[in-house]
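Following: one structure in structure tokens, then a few remarks.
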Amino acid sequence: MLSEPETEIFENVKEIFSNYLGEHGHRKTPERFAILSEVYSSNGHFDIESLYVQMKNKNYRVSRATLYNTIELLLDCKLVTKHQFGKNIAHFERSYKYAQHDHLICQDCGKVFEFCDPRIQQIQNTAGEILGFNIINHSLNFYGNCKKLAETGGCERMNQKN
């Protein structure tokens, strides 16, 4: 069950998506809204394949092609953000009313950690003022090894292989 703020957010994104589909001549199918619901009912990052499996496990009848096409529409109307964390698989996350944050990516296990530091926002504001540039958003990714690697001699994925 969604909390009251989450329900309000979902109603807003549903309206934004519905308006976008109508304005651009796309059909308003139940599958597209099911995908939107699934994206906005979970936190964190996802890839298309994991979303496909998640939806199949919940008995949704949705094809991979529909997923790819719908994610493209959600990207176009700014309800989803795409990330490329150094591998060939694109990751996505919801973006409406989602706080600006940055990422730490473990190069061994692939885990993505989110963090927010107000100093980065200050740097963004200062850079924009100095250059007379209206910065809308930014993306900052740090790559390294997660804490588990230092503590155990190997991170989660490496330990699973041994």
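Derivation of every value follows stated rules applied to the coordinates shown; laboratory data play no part. From a predicted model like this one, the values you see are computed outputs, not experimental measurements. Cβ: placed from backbone, ideal geometry, glycine included. Neighbour counts: every protein chain shown.
Here the relative contact order of the chain, from alpha carbon pairs under 8 Å that lie six or more residues apart, stands at 17 percent.
If you take every residue apart from I123 with its C-beta less than 13 Å away from the C-beta of I123, what net charge results, scoring Lys and Arg +1 and Asp and Glu -1?
-2
How would you classify the chain from its alpha-carbon gyration tensor, with a ≥ b ≥ c the square roots of the eigenvalues: rounded for a/c under 1.5, else prolate if a/b is greater than b/c, otherwise oblate? Because a/c hits 1.5 or more and a/b fails to exceed b/c, the chain counts as oblate. Among the listed pairs K58/K78; K14/K97; K28/K78; K56/K87; K56/K111, those whose Cα-Cα separation exceeds 20 Å are K58/K78; K56/K87; K56/K111.
Once you order the gyration tensor axes a ≥ b ≥ c over the Cα atoms, which shape class does the stretch 1-55 get: rounded for a/c under 1.5, otherwise prolate or oblate by comparing a/b with b/c? It comes out oblate by the Cα gyration axes. May I ask which residue of H91, Q122, T70 lies farthest towards the positive end of the charge dipole of the stretch 57-139, with charges of +1 (Lys, Arg) and -1 (Asp, Glu) on Cβ and the Cα centre as origin? Going by the Cα projections, it comes out as T70.
Build a GNM of the chain with springs between Cα atoms under 10 Å apart, and of A65, A34, A90 the one that fluctuates most is A65.
Neighbours of M55 by Cβ distance under 14 Å: Lys/Arg scored +1, Asp/Glu scored -1, total +1. The modelled label-to-label distance between T29 and Q121, using points 7 Å beyond Cα along the C-beta direction, is 4.0 nm.
For the stretch 101-140, backbone nitrogen atoms closer than 11 Å to the point 7 Å from H83 Cα along Cα-to-C-beta are found at 101-106, 111-116, 139-140. The packing ranking of peptides 115-121, 140-146, highest mean first, is 140-146, 115-121, where packing means the average number of other beta carbon atoms within 10 angstrom of each residue. With a ≥ b ≥ c taken as the square roots of the eigenvalues of the C-alpha gyration tensor of the stretch 71-142, please select rounded if a/c is under 1.5 and otherwise prolate if a/b is larger than b/c or oblate if it is not? It comes out oblate by the Cα gyration axes.
For Y68 and K147, compute 0.36 nm times the residue count separating them, minus their Cα-Cα distance, and round to one decimal in nm. Stretched out fully, the Y68 to K147 stretch lengthens by 25.1 nm.
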